[in-house]
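The values are calculated or read from the model by the stated rules, or taken from the named source; none is laboratory data. Please read these numbers as outputs of a predicted model, since none were measured by experiment. No Cβ is skipped: glycine too gets one built from the backbone with ideal geometry, and neighbour counts run over all protein chains shown. Heavy atoms of the whole protein, side chains included, go into the accessibility calculation; ligands, DNA and RNA do not. Shrake-Rupley method; radii C 1.70, N 1.55, O 1.52, S 1.80 Å.
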Amino acid sequence: MSGSSERLPRLLALVPYLLARPGIRIDEVARDFDVTPKQLRKDLELLWMCGLPGYGPGDLIDLSFDGDTVSVIYDAGMRRPLRLTGAEASALLIALRTLAETPGVVDTDAVRRAIAKIEAASGDVRPADVVVGHGMREAESTVETRGRVQEAVRQRRALWLRYYTASKDELSERTVDPMRLLIVQGISYLEAWCRKAEAVRLFRLDRIDALTVLDERAAPPETAIPKDLSKGVFPQRAEYPAAELVLEPDARWVAEYYPCEELAELEGGRLRVRMRYGDESWLIRLVLRLGGEATVERPRHVAQAVRQRAAEALARTRHLAATLAG
């Protein structure tokens, strides 16, 4: 962390940190700030040239070195530590509350202590454009599914699943060997060895239609290696074509349910999304299912296919109605 964009926040945090810890060892400070002792000494030398207008004795920050320790003699008014903004505090609280409602994934006691500290520190600060609520809570069915999946993971039992695959718009049945339960970007997943696919797969808990904890022991093979999720659960594949949809307010859930590359707010609560798809027929079915709550802007041939399929369905409906009436 030696770039200017990283150094300034570190310098601003150093003074209140040192004021609270007079006589602290320099190597300990360096460790806490994740820099080398050499870099920290450069930071401290720079602080000596910072202070209030006048820039004479009594105006600049003053430090005292005693062997390998350092103390602040004059702080130039920088006693207050950096605080979270209302938006930062709200976002952090939302994430922590979601984790706290997920027993078995993290140490919930530690999470609740962190929530209490942030709430006490932030007080009543809350920005006008941030709403802190319980919209991220999962449906009761998903909570029940989580409990049973946790039981299977804990007891190392295999699971039978009936699972909805969104990309194929179909339900399938499979037996899996659970490996771990995790949360990525606020969504709960089961990572397991799928015996049907003979590979490690991630299953969204809210897409599990039914499950049974089996008596047989879970036995993932040695080749079952947990996925690298550093780039997300399902990284967008550049070779897949991209589509741009405009979602009406009642269809905004699509952006939460399916991976999207870009989001743009529009007037009237509408949302423009950019998403990649591997199966054009799946994308057409998705738009048709939304019943006029979504418009395909690109690619043009997909928009035309949607219009054609909708016209054909309407024609069949009218023909059926005429037949029944006759």
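Structure notes:
- Filtered residue count, the range 59-68, keeping only those that are modelled with pLDDT of 80 or more and part of a strand (DSSP E or B): 4
- Pick from the range 166-176, criterion among the charged types (D, E, K, R) and open to solvent by 80 Å² or more (accessible area, probe 1.4 Å), ranking: modelled with the highest pLDDT: Glu173
- Failed item in (1) closer than 29 Å to Phe203 by Cβ; (2) in a helix (DSSP H, G or I), with Gly291 passing the rest: (2)
- If you go through the range 262-288 and pick out every residue that is in a helix (DSSP H, G or I) and farther than 20 Å from Ala310 by Cα, you end up with 3.
- Taken together, the residues in the range 180-189 that are surrounded by 21 or more Cβ atoms within 10 Å (Cβ to Cβ) and either without any contact (Cβ under 8 Å) to a residue 60 or more places away in the chain or β-branched (Val, Ile, Thr) (or both) amount to 1.
Conditions tested, residue by residue: (1) at pLDDT 85 or above; (2) closer than 23 Å to Ile118 by Cα; (3) part of a helix (DSSP H, G or I); (4) open to solvent by less than 90 Å² (accessible area, probe 1.4 Å).
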site: Val15; (1), (2), (3), (4): no, yes, yes, yes
site: Arg21; (1), (2), (3), (4): yes, yes, no, no
site: Arg41; (1), (2), (3), (4): yes, no, yes, no
site: Glu45; (1), (2), (3), (4): no, no, yes, no
site: Val70; (1), (2), (3), (4): yes, no, no, yes
site: Arg79; (1), (2), (3), (4): no, yes, no, no
site: Arg83; (1), (2), (3), (4): no, yes, no, no
site: Leu93; (1), (2), (3), (4): no, yes, yes, yes
site: Arg97; (1), (2), (3), (4): no, yes, yes, yes
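- Single match in Val213, Val176, Val200 (criterion: of a type in the set (A, V, I, L, M), more than 27 Å from Glu261 (Cβ to Cβ) and under 28 Å from the mean Cα position of the chain (by Cα)): Val176
- Total residues in the range 246-289, condition in contact (Cβ under 8 Å) with a residue 40 or more places away in the chain and out of contact with any helix residue (DSSP H, G or I) (no Cβ under 7 Å at 6 or more places or on another chain): 13
- Pairs linking a residue in the range 190-210 that is assigned to a helix (DSSP H, G or I) to a residue that is of a type in the set (Lys, Arg), with Cβ atoms under 9 Å and 6 or more positions apart or on different chains, are Leu205/Arg146.
- Each residue in the range 238-261 was checked for being surrounded by 12 or more Cβ atoms within 10 Å (Cβ to Cβ), of a type outside the set (A, V, I, L, M, F, W, C) and assigned to a loop (DSSP other than H, G, I, E, B), and 6 pass.
- Test result for Ala305, in contact with a strand residue (DSSP E or B) (Cβ under 9 Å, 6 or more places away or on another chain), hydrophobic (A, V, I, L, M, F, W, C) and in a helix (DSSP H, G or I): yes
- Any chance Leu320 is open to solvent by less than 80 Å² (accessible area, probe 1.4 Å) and at pLDDT below 90: no
- In the range 146-165, residue surrounded by the most Cβ atoms within 10 Å (Cβ to Cβ) [restricted to those that are in contact with a helix residue (DSSP H, G or I) (Cβ under 8 Å, 6 or more places away or on another chain), touching a residue at least 60 places away in the same chain (Cβ under 8 Å) and not β-branched (Val, Ile, Thr)]: Ala158
- Looking only at the range 262-286, and only at residues there that are among the acidic types (Asp, Glu) and under 24 Å from Glu170 (Cα atoms), the one that is surrounded by the fewest Cβ atoms within 10 Å (Cβ to Cβ): Asp279
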